[in-house]
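J.: Below is a structure I'd like to ask you about.
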Amino acid sequence: MDNETHEEKEERLTKWRLILGKQAENPSDAIVELQGELAAVDNALAALYEPDRRGGLNSSSPYVNRWLGDIRKYFPAPMVRVMQKDALDRLNIQKMLFEPETLEALEPDVHLVATLISLQKIMPETTRRTARMVVQKVVDEIEKKLSNPLREAVQGALNRAVRNRRPKHREIDWNQTIRINLRHYQPDLKTVIPERLIGRGRKGQALRDVILLVDQSGSMASSVVYAGILGATLASLRSVKTKMVLFDTATVDVTAQLNDPIELLFCAQLGGGTDIHKALVYARQIIDRPSDTILFLISDLFEGGASEALIRQAAEIKGSGVQFISLLALSDQGAPSFDRHVAAQFALLDIPAFACTPDRFPELLAAAIGKQDLAGFAAR
């Protein structure tokens with residue numbers, strides 16, 4: 001760096017000063033003086049990551065609101081979400097979320113929704129309306145991103161997996177029918193005379209049953225949010241019969257709330273223990289057509305009860321003909337910490353266990369509908 005100009009050296013020192021904070025300054029070096037916007041950026045970072053120097057964010061709600069405004073001004077949205085999450089995790093400022101003005105200043109995301117759901121029992125009535133508006137905004141954004149890919153993936157997979165050879169007129173898949181009957185084209189009539197009709201399956205009849213069995217312990221918070229939104233989209237498809245069950249040490253069937261994802265999410269009771277065995281016992285009771293059922297167990301597999309009973313119940317469900325898939329997480333954060341012993345026992349039962357991001361879930365469900373080997377999907 002001997003060839004650095006004065007301006008380049010000052011820029012480099014300023015970057016490191018912002019990254020490392022005040023403690024990065026060496027008395028033997030020239031002290032970096034931050035001014036204007038750089039000073040404001042430094043103050044915003046210091047309030048979160050050097051609370052002793054700036055007094056932190058616990059002092060007052062107005063100060064938190066100013067800080068939220070500053071980080072939205074100086075940082076891109078993905079970084080704002082990271083800083084908000086760090087503020088909640090590191091400084092325990094959940095009580096500030098009880099102020100409607102603070103909620104309105106936040107950058108909504110899945111982690112914020114999970115936090116609001118976990119605080120709902122102690123949240124003041126005056127804040128709940130604002131909290132629901134924040135949750136609604138996040139749900140709308142996720143639905144806009146994922147609903148069409150999910151619908152298209154499911155319908156495409158069902159069209160391929162279930163062919164109706166004697167369809168009624170409204171059930172005919174005209175693209176497929178024309179394709180396989182092109183050799184019967186009649187030049188004189190300028191049309192195709194089909195010998196075989198291909199249908200999409202009988203309308204109004206559920207061709208697959210999908211059960212989402214979702215662990216609502218604290219570590220699975222983001223997965224609960226995504227599962228609720230994806231489950232609501234699936235429930236709107238007549239060709240798929242969708243059921244959703246939340247569990248910790250108790251089991252709650254929220255299928256009736258699938259038409260309202262906001263209400264469904266506020267039914268969740270994030271935190272508490274885990275009894276996967278009890279949840280599987282319930283799931284087995286609501287399986288009507290094993291060979292046409294896909295069961296997603298969304299859990300990190302840390303069992304609060306006897307893991308031996310859990311494995312036995314999983315084996316019985318798998319043995320009945322159900323497609324059983326264990327998702328260690330349904331979130332953007334990758335594979336979490338999980339119980340490797342239970343996952344290994346599931347593997348012996350031919351129950352794949354892996355994490356899945358929400359944007360890959362449509363592809364996963366399509367593969368399951370087509371009864372494909374999911375080992376390759378899991379490896380990817």
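J.: What is the number of the single condition among (1) out of contact with any helix residue (DSSP H, G or I) (no Cβ under 7 Å at 6 or more places or on another chain); (2) modelled with pLDDT of 95 or more; (3) charged (D, E, K, R) that residue 209 does not meet?
T.: Result: residue 209 fails condition (1) only.
J.: When residues of the range 112-154 are filtered for being at pLDDT below 85, under 21 Å from residue 220 (Cα atoms) and among the polar types (S, T, N, Q), how many remain?
T.: Total satisfying the criteria: 3.
J.: Kindly indicate whether any position in the range 76-91 is part of a helix (DSSP H, G or I), at pLDDT 80 or above and over 21 Å from residue 222 (Cβ atoms).
T.: Within the range 76-91 (the criterion being part of a helix (DSSP H, G or I), at pLDDT 80 or above and over 21 Å from residue 222 (Cβ atoms)), the answer is no, since none of the residues qualifies.
J.: I would also like to ask the following. For the range 122-152, give me each residue that is open to solvent by 30 Å² or more (accessible area, probe 1.4 Å) and in contact (Cβ under 8 Å) with a residue 40 or more places away in the chain.
T.: Within the range 122-152, the subset open to solvent by 30 Å² or more (accessible area, probe 1.4 Å) is 122, 124-126, 128-129, 132-133, 136-137, 140-141, 143-145, 148-149, 151-152.
Hits for the range 122-152 are 132, 136, 143, 145, 149, 151, 152.
J.: One residue is enough: does the range 220-233 have a residue meeting the conditions open to solvent by 30 Å² or more (accessible area, probe 1.4 Å), at pLDDT 85 or above and either among the hydroxyl-bearing types (Ser, Thr, Tyr) or within 23 Å of residue 355 (Cα to Cα) (or both)? Working first, answer last.
T.: Going residue by residue through the range 220-233, those that are open to solvent by 30 Å² or more (accessible area, probe 1.4 Å) are none.
Scanning the range 220-233 turns up no residue that is open to solvent by 30 Å² or more (accessible area, probe 1.4 Å), at pLDDT 85 or above and either among the hydroxyl-bearing types (Ser, Thr, Tyr) or within 23 Å of residue 355 (Cα to Cα) (or both).
J.: Restricting the search to the range 361-375, which residues are in contact with a helix residue (DSSP H, G or I) (Cβ under 7 Å, 6 or more places away or on another chain), over 17 Å from residue 207 (Cβ atoms), not in a loop (DSSP other than H, G, I, E, B) and not acidic (Asp, Glu)?
T.: 361, 364 - these are the residues of the range 361-375 that are in contact with a helix residue (DSSP H, G or I) (Cβ under 7 Å, 6 or more places away or on another chain), over 17 Å from residue 207 (Cβ atoms), not in a loop (DSSP other than H, G, I, E, B) and not acidic (Asp, Glu).
J.: Report, by residue number, each residue of the range 290-299 that is at pLDDT 95 or above and not small (Gly, Ala, Ser).
T.: 290, 293, 294, 295, 296, 297, 298
J.: So, one more: Any residue at all in the range 167-190 that's modelled with pLDDT under 85, in a helix (DSSP H, G or I), open to solvent by 50 Å² or more (accessible area, probe 1.4 Å) and aromatic (Phe, Trp, Tyr)?
T.: Yes, the range 167-190 has at least one match.
J.: Among the listed residues 315, 306, identify the single one that is at pLDDT below 95 and farther than 17 Å from residue 214 by Cα.
T.: Values: 315 fails: at pLDDT below 95.
Exactly one residue qualifies, and that residue is 306.
J.: Within the range 102-117, can you find the residues that are open to solvent by less than 60 Å² (accessible area, probe 1.4 Å) and either part of a helix (DSSP H, G or I) or farther than 20 Å from residue 68 by Cα (or both)?
T.: Within the range 102-117, 102, 103, 105, 110, 111, 112, 113, 114, 115, 116, 117 meet the criteria.
The values are calculated or read from the model by the stated rules, or taken from the named source; none is laboratory data. This structure is a prediction, so every number in the text was calculated from the model and none was measured. All Cβ positions, glycine included, derive from the backbone under ideal geometry; neighbour counts span all protein chains shown. The accessibility values were calculated without ligands, DNA or RNA, using every heavy atom of the protein model including side chains. Shrake-Rupley method; radii C 1.70, N 1.55, O 1.52, S 1.80 Å.
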